[in-house]
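A short worksheet on the structure shown next.
The values are calculated or read from the model by the stated rules, or taken from the named source; none is laboratory data. The shown structure was predicted, so the numbers you read here are calculated from the model rather than taken from an experiment. So basically every Cβ, Gly included, is an ideal-geometry build from the backbone, and we count neighbours across all protein chains shown. Heads up: the accessible areas ignore ligands, DNA and RNA and are worked out on the full protein's heavy atoms, side chains in. Shrake-Rupley method; radii C 1.70, N 1.55, O 1.52, S 1.80 Å.
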Amino acid sequence: MSARDEILANVRRSLGVSATDAARRANVEGRVQRAAPGVRPLRGQGDEGARVAIFIEQALLVSASVAQVPGLDAVPAEIARYLRAQNLPATLRMGADERLANLPWGETQLSLSTGPSAGDDLNSVSFAEAGVAETGTLALVSGPHNPTTLNFLPDNHIVVLRAGDVEPDYEAVWSRLRARFGKGLMPRTVNLVTGPSRSADIEQKLLLGAHGPRRLHIVLVRG
Amino acid sequence: MTAHPTSPQFKDNAHRALADTQLQKALGNVRHNFIEKRASAAGKLPEFEALRDQARDLRDHVLAHLDIYLEAYEAKVLASGGHVHWARTAEEACRIVVDLAKDRGAKSVAKGKSMVSEEIGLNAALERAGIRAVETDLGEYIIQLRGEAPSHIIAPAVHLNQEDVEAEFRRVHTWLPKDRDLHEPEALLAEARAELRAKFLAADIGVTGANFLVAETGTSIIVTNEGNGDLSQVLPRVHVVVASIEKIVPTLEDASGLLRVLARSATGQDMSVYTTLSTGPRRAEDSDGPGEYHVVLIDNGRSNMLGSEFEEMLRCIRCGACMNHCPVYHAVGGHAYGWVYPGPMGAVLTPSLIGVDKAGHLPNASTFCGRCESVCPVRIPLPKLMRHWREREFERHLSPAVARSGLGLWAFFARRPALYRLATSLAMGALSLAGRRKGRFASLPFASGWTQTRDFPAPEGRTFQAQWKARGRRS
């Protein structure tokens, strides 16, 4: 008997069930198909204004920084300002996302490069799939548009998020993913990011910038 | 080969731990930080208790349908281009990972923190095959340098102080200039980050655990704060997930319900910094990510726990709240438990996995204060399960003869209430008379275990039952 069949047989023997019990199968299939949300905290619910306000509050609590801009065209100037204010080099790496590529970068002195990171980039920018108001979390989806390495390797990660994409909770993000990729299908990687990287492994002292970015800057686009 | 247990020597381990001043200093951090942070995070979420109920019900539902969920999960992993391997035992699981690595000519493996990999002894198995496994979680990296096992399931180096870490880095990172200042924890972190970044980029294979496996999508989910497990599954060309069979959840919705109680119970965060969902290998159009995705589903004793009085233990989502709140863990730390899983969850799980003959001391090392159960996010009745182990130990004649005959004697009287009342009132009367002058005893026959370290107070004369009865008559 293969390891697989033996494990499954052992599970069934311990549970006292048979492999052909149609009611149990229907129970499982129904639950997976419905994907019904359970208890969702009230905290993140509310209209867009309320959601954005909670999102910002929560993101600041986990040591991210947030800047609000009136439109996408204002993003390059804000990023340039942020890098200057942090005394960081005016370099920026990004994926192939057209929403980023089409921005007026020429108005800034930023030196741009594109593609995934091999570990030698200081600053990167990604376009978020969504934000989660409940915990100030960003949802980032892999692919050539926003490669996953840009979320982790650079020291400073900048994320562009549209106010209209701030969802109340994780469940709303799953609904978006199903709408985009199909029910039961996922991109290779989805990262939920809540603040910059940290560790408390030395005497429980909280330190930022363990393996991932030391800084997380969110540019929230209104309108 | 599973990690070699020293659980049979629990008593000696505990004595040593109590006398270890460095350890006691480090444990001071556990006693305060974790408890306060959890209480604060739970207090700020009005839905927290309802989420715990939901988490318990969900875990029970999954366990009752585990065979079907495993099949559904496997089908989705295969459909997304991944591979699923099944391992009955620790040895089988190690062999699968070692063979995967060997077949690909791998020389180094970057590992995200994984308790099940500790359970199966994966690092040692890889080393024996000439493959270097590098732990990338800061705490795990530190204890790997020291040749130690984790002493806590989410804070593996919690038994160490900052100076221990500095000394270890000085010993191993020999390229460090002597005058490099490592007195601040920030400097230690920066040193580890630089060293491990190179290891990540050089690794051929990334091995991670999984907090959850999603049947709906074939996704593995891990949570980290450092970003190490996440780099382990995006940089190397092969990603191997090692996970025990009970990690399944039906849907993404179910995973989010558990995430809401996991971080709050563990570290008092509302959400861990990184929650990474991986599904299959990189897609054709992707510009990064691993080319291969493998999942090793490990039984190693779990299927036997189903349907037994220990099934509820399989609800566990490995948050560590039970040990953070345990007075015994606070006193002796995690290493004294002698195997991979310490604290109350370890006291229940370890006998299930390595045998009550080896780990019988662990369920006895409890005051049954109930704090573990009161904070468990999936409401595992840990004291009840420890009591089951004590019963099994008694039935199998594994407990010491003195304890057995003492219990036998007590049972004789307990079954005969009239005799019990008579015997206790006689004994109380005698003790009260004998202790009248001092009001306490410095030594008592058959109670040296108590009187060795403190006095035994002399009884006031009448037993509780007698007083209760008298009071009832009055009202």
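Quick look at the values:
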quantity: Residue match in the stretch A:154-173 (condition: assigned to a loop (DSSP other than H, G, I, E, B), surrounded by fewer than 21 Cβ atoms within 10 Å (Cβ to Cβ) and at pLDDT 95 or above); calculated: yes
quantity: Any hit, the stretch A:206-214, residues being without any contact (Cβ under 8 Å) to a residue 24 or more places away in the chain, crowded, with 21+ Cβ neighbours inside 10 Å, in contact with a strand residue (DSSP E or B) (Cβ under 9 Å, 6 or more places away or on another chain) and closer than 30 Å to residue A:33 by Cβ; calculated: no
quantity: Single match in B:55, B:19 (criterion: surrounded by fewer than 20 Cβ atoms within 10 Å (Cβ to Cβ), out of contact with any Ser or Thr (no Cβ under 6 Å at 6 or more places or on another chain) and of a type in the set (Gly, Ala, Ser)); calculated: B:19
quantity: Residue pairs meeting the criteria (Cβ under 9 Å; at least 6 apart or on separate chains; first over 17 Å from residue B:250 (Cβ atoms), in the stretch A:12-25; second open to solvent by 50 Å² or more (accessible area, probe 1.4 Å)); calculated: A:12/A:18; A:13/B:307; A:14/B:304; A:14/B:307; A:16/B:307
quantity: Condition check for residue A:9: assigned to a helix (DSSP H, G or I), assigned by TED's automatic domain parsing to the domain that holds residue A:135 and more than 25 Å from residue B:251 (Cβ to Cβ); calculated: no
quantity: Residue satisfying all of: in the stretch A:19-75; within 14 Å of another protein chain (Cβ to nearest Cβ) and of a type in the set (Ser, Thr, Tyr); surrounded by the fewest Cβ atoms within 10 Å (Cβ to Cβ) among these; calculated: A:20
quantity: Qualifying residue in the stretch A:6-13 (condition: surrounded by 13 or more Cβ atoms within 10 Å (Cβ to Cβ) and either at pLDDT below 95 or touching a strand residue (DSSP E or B) at 6+ places or on another chain (Cβ under 6 Å) (or both)); calculated: yes
quantity: Helices (runs of 4 or more DSSP H) wholly inside the stretch B:100-197 containing at least 1 residues that are facing another protein chain (nearest Cβ under 10 Å), of a type outside the set (Lys, Arg) and crowded, with 20+ Cβ neighbours inside 10 Å; calculated: B:138-146, B:162-172
quantity: Among residues of the stretch B:348-406, those that are open to solvent by less than 10 Å² (accessible area, probe 1.4 Å), of a type in the set (A, V, I, L, M, F, W, C) and over 24 Å from residue B:58 (Cα atoms), counted; calculated: 3
quantity: Which numbered condition residue B:88 fails, given (1) open to solvent by 10 Å² or more (accessible area, probe 1.4 Å); (2) more than 10 Å from chain A (Cβ to nearest Cβ); calculated: (2)
quantity: Residue count, the stretch A:38-49 (criterion: in a helix (DSSP H, G or I), in contact (Cβ under 8 Å) with a residue 24 or more places away in the chain and over 10 Å from residue A:166 (Cβ atoms)); calculated: 1
quantity: Boolean, residue B:202 is surrounded by fewer than 24 Cβ atoms within 10 Å (Cβ to Cβ), more than 7 Å from every other protein chain (Cβ to nearest Cβ) and under 19 Å from residue B:113 (Cα atoms); calculated: yes
quantity: Among the candidates B:145, B:182, residue that is farther than 26 Å from residue B:338 by Cβ, out of contact with any Phe, Trp or Tyr (no Cβ under 6 Å at 6 or more places or on another chain) and at pLDDT below 95; calculated: B:182
quantity: Residues (crowded, with 16+ Cβ neighbours inside 10 Å, more than 9 Å from chain A (Cβ to nearest Cβ) and in a helix (DSSP H, G or I)) located in the stretch B:61-85; calculated: B:62, B:73, B:77
quantity: Enumeration of residues in the stretch B:332-381 that are among the small types (Gly, Ala, Ser) and part of a loop (DSSP other than H, G, I, E, B); calculated: B:333, B:334, B:338, B:355, B:360, B:365, B:366, B:370
quantity: Residue within the stretch A:208-217 that is facing chain B (nearest Cβ under 8 Å) and over 30 Å from residue B:198 (Cα atoms) present; calculated: no
quantity: Some residue of the stretch B:387-401 being in a helix (DSSP H, G or I), within 16 Å of the chain's Cα centre (by Cα) and on the phi < 0 side of the Ramachandran plot; calculated: no
quantity: Residue match in the stretch B:199-206 (condition: touching a Gly at 6+ places or on another chain (Cβ under 9 Å), under 30 Å from residue A:116 (Cα atoms) and modelled with pLDDT under 95); calculated: yes
quantity: Residues of the stretch B:33-54 classified as under 19 Å from the mean Cα position of the chain (by Cα) and within 9 Å of another protein chain (Cβ to nearest Cβ), total; calculated: 2
quantity: For residue A:137: the one exception among (1) within 14 Å of chain B (Cβ to nearest Cβ); (2) open to solvent by 50 Å² or more (accessible area, probe 1.4 Å); (3) touching a Phe, Trp or Tyr at 6+ places or on another chain (Cβ under 9 Å); calculated: (2)
quantity: Search result, residues across the stretch A:96-117 that are of a type in the set (Gly, Ala, Ser) and either surrounded by fewer than 12 Cβ atoms within 10 Å (Cβ to Cβ) or touching a strand residue (DSSP E or B) at 6+ places or on another chain (Cβ under 7 Å) (or both); calculated: A:96, A:106, A:111, A:113, A:117
quantity: Verdict on residue A:165 being acidic (Asp, Glu) and within 23 Å of residue A:71 (Cβ to Cβ); calculated: yes
quantity: In the stretch A:127-152, the residues that are of a type outside the set (A, V, I, L, M, F, W, C) and in a helix (DSSP H, G or I); calculated: A:134, A:135, A:149, A:151
